[in-house]
1. Please work out how much length the chain gains when fully extended from residue 40 to residue 107, using 0.36 nm per residue of separation minus the C-alpha to C-alpha distance, in nm with one decimal.
2. Using the basic label-point model (7 angstrom from Cα toward the beta carbon), what is the residue 158 to residue 171 distance in nanometres?
3. Just flag the chymotrypsin sites (Phe, Trp or Tyr not before Pro) in the range 94-180 sitting in loop per DSSP whose Cβ has no more than 16 other Cβ atoms within 10 Å.
4. Which shape class applies to the chain: rounded if a/c is under 1.5, otherwise prolate when a/b exceeds b/c and oblate if not, where a ≥ b ≥ c are the square roots of the Cα gyration tensor eigenvalues?
5. Would you mind computing, in nm to one decimal, how far apart the modelled labels at residue 119 and residue 95 are, each placed 7 Å from Cα along Cα→Cβ?
6. Relative to the first principal axis of the alpha-carbon coordinates of the chain, what is the inclination of helix 170-183, with its axis defined by its Cα atoms, in degrees from 0 to 90 and to the nearest 10?
7. By how many degrees, between 0 and 90 and to the nearest 10, does the Cα long axis of helix 18-37 differ from the longest principal axis of the chain?
8. Could you pull out the GluC sites (Glu not before Pro) across the range 43-143 that fall in loop regions by DSSP (anything but H, G, I, E, B) with no more than 14 other Cβ atoms inside 10 Å?
Amino acid sequence: MPLRQPRSQRIKPERFPWHTILGLILGLVGSLGVIQLRPQIVVLPQAPLRKAQPFSVPLRVDNSGYFSCPVEHIFVYVHRLKSRRVDFAKATVHQTNWNHFSLERAEGKTIMVKLADFAPDDVPSEADIAVVVDYRPFEHFPRSFRRYFRFVGAYGDNWQWLKQPSADIQADADQQIGIHMRSVPSSR
């Protein structure tokens with residue numbers, strides 16, 4: 001008796017089942033939701049309290065996210081400050097009441113940088129600062145995140161801080177903040 005050849009079986013093309021496609025869509029929507037729910041810290045300069053004084057401008061740190069956000073530290077990094085009588089760079093300003101507090105949803109904290117008072121004839125010709133905020137997404141999260149908000153000064157009728165990109169000064173700011181935290185225990 002001759003051996004039979006097995007019939008060739010048809011191979012069905014594999015299709016994505018509906019639940020796989022639905023899972024991918026829900027995963028994408030969930031990922032976007034998690035991104036939207038992360039803390040959203042914003043720093044905005046307010047109106048100056050005194051006309052020609054750059055450091056009379058209150059800086060408002062706001063939480064515009066959906067949940068409360070624990071803030072570990074706020075530092076003000078002075079990248080450059082120059083007038084006829086004052087010229088310094090790469091300095092860090094910090095106050096102990098800028099440490100360890102929580103910003104609830106739509107809540108903010110106003111900080112005043114009391115760095116210098118300038119004579120009316122000695123308004124800074126160059127001012128470049130960054131407000132650096134260390135925060136956690138929630139209280140017991142294992143690590144903190146850092147946001148940089150850079151401003152340069154401009155003087156017309158009043159002093160104003162204008163928002164600028166911060167990428168080129170972030171490494172200098174991190175280095176100065178690290179030095180400050182090692183040398184000033186109350187900043188930790």
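1. On the way: separation 67, 0.36 × 67 = 24.12 nm, distance 1.13 nm.
Result for the pair: 23.0 nm of gain on full extension.
2. Placing both labels 7 Å along Cα→Cβ, they lie 3.8 nm apart.
3. Working: sites: 98, 101, 118, 135, 138, 145, 148, 149, 151, 155, 159, 161; in loops: 118, 138.
Those satisfying the criteria are 138.
4. Working: a/c = 3.13, a/b = 2.97, b/c = 1.05.
Because a/c hits 1.5 or more and a/b exceeds b/c, the chain counts as prolate.
5. Taking the simple label geometry, residue 119 and residue 95 are separated by 2.7 nm.
6. For helix 170-183, the angle is close to 70 degrees.
7. In the chain, helix 18-37 runs at an angle near 10 degrees to the longest axis.
8. Numbers: sites: 72, 104, 107, 126, 139; in loops: 104, 107, 139.
Here the sparse-neighbourhood loop sites are 104, 107, 139.
Bear in mind that the values in this text are calculations on the coordinates, not laboratory data. All values reported here derive from a predicted model rather than from experimental measurement. Virtual Cβ from ideal backbone geometry, glycine too; neighbours counted across all protein chains shown.
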